[in-house]
Amino acid sequence: NDIRFTLIIYYKSKPSESKLKHLCSLVVFMKMYSGKDINVDVTLFFIDIGKKISNKKNKILGPNNVNSGYSEIMNNKSSNVCVFRIEEMEKVLVHEMTHALKLDKGHISVPDTFFNIFNISPKTEILLNEAYTELVALILLLVLKSKNYNELLKNIEKEKKHTTKQVSKIFKYYNFNN
């Protein structure tokens, strides 16, 4: 398989050569892992604007609060990936490459009982595919950045703490106190 891809970067202060090589190695790994001959154009914006939760309580959180990238499949042989925040750039890149290379599960339907059990309106869009893709990206990234099993366990613990902190921010925002 051909491992070619296009990389376009935008920055205010130039990222280090090692950072760019690392990000390229993630793209190459994902292309090799997929075994698919899909041309991917990757655009990275090295913008240091973190995700923020509005001060307006109970406002629905949306893309400006949680998204850091996107991907689009142009056809069976071509996809675009864009990551527009430095924050968690590696994880977002692997996440979006998972979509772009069609390694995700597509649309995963939610059974009707789910909405009843969790008292959620059936009109609410639940994107289980995003949860699956995020988990795949996280596992791949943790394995790739760990030099050995003990380091992997430490990295998993750090990620669990980070995730718990992020979830607690959302709970606090929506006044879940239990």
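Of Lys59/Lys102; Lys123/Lys169; Lys12/Lys169; Lys145/Lys169; Lys59/Lys123; Lys21/Lys52, which sit over 21 Å apart, Cα to Cα?
Lys59/Lys102; Lys123/Lys169; Lys12/Lys169; Lys145/Lys169; Lys21/Lys52
Please work out the Kirkwood hydrodynamic radius for region 121-161, using every pair of different C-alpha atoms, and report it in angstroms with one decimal place. List each step's numbers first, then the result.
Numbers: mean 1/r = 0.0854 Å⁻¹.
The Cα-based Kirkwood calculation yields 11.7 Å.
Within 10 Å of each candidate Cβ there may be at most 11 other Cβ atoms; applying that plus a DSSP loop requirement, which chymotrypsin sites (Phe, Trp or Tyr not before Pro) in region 78-144 survive?
Taking region 78-144 and a limit of 11 other Cβ atoms within 10 Å, the loop chymotrypsin sites (Phe, Trp or Tyr not before Pro) found are Phe118.
Can you list the residues, at least 5 places off or on another chain, whose amide H is less than 5 Å from the amide H of Gly69, using H built in the peptide plane?
It is Phe84, by chain and number.
Points 7 angstrom from Cα along the Cβ direction at Tyr132 and Asn177: gap in nanometres?
Taking the two extended label points, one gets 3.9 nm.
Tell me what the chain gives for mean residue ellipticity at 222 nm when only DSSP H runs of n ≥ 4 count, each as -39,500 (n - 2.57), the sum divided by the residue total, rounded to 500 deg cm²/dmol.
Details: 6 runs with 83 residues, N = 178.
After summing the helix terms and dividing by the residues of the chain, the value is -15000 deg cm²/dmol.
Under a Cβ-Cβ cut-off of 10 Å, what is the net charge of the residues other than Glu87 that fall near it, where Lys and Arg count +1 and Asp and Glu count -1? Display every interim value, and only then the final one.
Working: positive: Lys51, Arg85, Lys91; negative: Asp48, Glu88.
It works out to a net charge of +1.
Here, each number is a calculation from the coordinates, and none is a lab measurement. In this text the structure is predicted, and so the values were computed from the model without any measurement. Counting neighbours? That spans all protein chains shown, and the Cβs are built from the backbone with ideal geometry, glycine included.
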